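The values are calculated or read from the model by the stated rules, or taken from the named source; none is laboratory data. Worth saying up front: this structure is predicted, and the values here are computed from it rather than measured. Please note: Cβ atoms are built from the backbone with ideal geometry, for glycine as well, and neighbour counts cover all protein chains shown.
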Amino acid sequence: MTDTTARMLAGRCLCGSVHYVVADEFRYAANCHCTDCRRTTGSAFKPFAGIEREKFSVTKGTDRLQTYGQENAHDARCGKCGSFLYSVVRDGAYVHVALGPLADEPTIRPSEHIFVGSKAPWFTITDDLPQYRTHVAEGPPINR
Ligand SMILES: [Zn+2]
Ligand SMILES: [Zn+2]
């Protein structure tokens, strides 16, 4: 169950069919430049934040969700407008919430760029956050 003392953040898709809430208790946040995230979002990278699955819930439009993948590893978007909203990851234990559709401001900020090894060549990272070739755990940052 969601901790009722936690500050809750709301988010929704473009057309408003799908609404969700998530506790402002994200464990980590990053900008992912992998090709999957670029394709899924249609953007240069995906800013996302990770949290335990039970601290996230869809409050409206569960029947409108379109998922891609398996029960415990999938991307979810609105089946009507197509907004990419979140991914269920880590054997279903965590949700990676795409930060773009959040209506409320989370306390956390992306703390690194990951999968910079597959970054779009036309995009230049202009901040000073650490850049990792793949996952954070797989080696030191490549820009420091
Ligand atoms: Zn929608
Ligand atoms: Zn990615």
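Among the listed residues ALA44, ALA29, ALA49, ALA23, identify the single one that is touching a residue at least 12 places away in the same chain (Cβ under 8 Å), over 27 Å from ILE125 (Cβ atoms) and not basic (Lys, Arg).
Working: ALA44 fails: over 27 Å from ILE125 (Cβ atoms); ALA29 fails: over 27 Å from ILE125 (Cβ atoms); ALA49 fails: over 27 Å from ILE125 (Cβ atoms).
Result: ALA23 is the single residue among ALA44, ALA29, ALA49, ALA23 that is touching a residue at least 12 places away in the same chain (Cβ under 8 Å), over 27 Å from ILE125 (Cβ atoms) and not basic (Lys, Arg).
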(message) Cβ-Cβ under 7 Å, sequence separation 6+ or interchain: first residue in region 69-81 and closer than 20 Å to ARG38 by Cβ and modelled with pLDDT of 95 or more, partner β-branched (Val, Ile, Thr) and within 16 Å of ligand 2 (Cβ to nearest atom). Which pairs?
(response) ALA73/VAL88; ALA73/VAL89; HIS74/VAL88; ASP75/THR40
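Quick one: in region 87-124, of everything that is among the β-branched types (Val, Ile, Thr) and surrounded by fewer than 13 Cβ atoms within 10 Å (Cβ to Cβ), which residue is nearest to the chain's Cα centre (by Cα)?
THR107
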(message) Just to verify a result, which residue in region 53-62, among those that are under 15 Å from the mean Cα position of the chain (by Cα) and either of a type outside the set (Gly, Ala, Ser) or within 12 Å of ligand 2 (Cβ to nearest atom) (or both), is surrounded by the fewest Cβ atoms within 10 Å (Cβ to Cβ)?
(response) ARG53
(request) Tell me which residues, restricted to region 26-57, are within 16 Å of ligand 1 (Cβ to nearest atom) and closer than 16 Å to VAL88 by Cβ. (result) THR40
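Conditions (1) part of a strand (DSSP E or B); (2) over 12 Å from the mean Cα position of the chain (by Cα); (3) of a type outside the set (S, T, N, Q), marked per residue:
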residue: ALA10; (1), (2), (3): yes, yes, yes
residue: GLY16; (1), (2), (3): no, yes, yes
residue: PHE26; (1), (2), (3): no, no, yes
residue: ALA29; (1), (2), (3): yes, no, yes
residue: CYS37; (1), (2), (3): no, no, yes
residue: THR40; (1), (2), (3): no, no, no
residue: PHE48; (1), (2), (3): yes, no, yes
residue: ILE51; (1), (2), (3): yes, no, yes
(request) Of the conditions (1) in contact (Cβ under 8 Å) with a residue 60 or more places away in the chain; (2) closer than 20 Å to ALA137 by Cβ; (3) not in a loop (DSSP other than H, G, I, E, B), HIS96 clears all except one; give me its number. (result) (1)
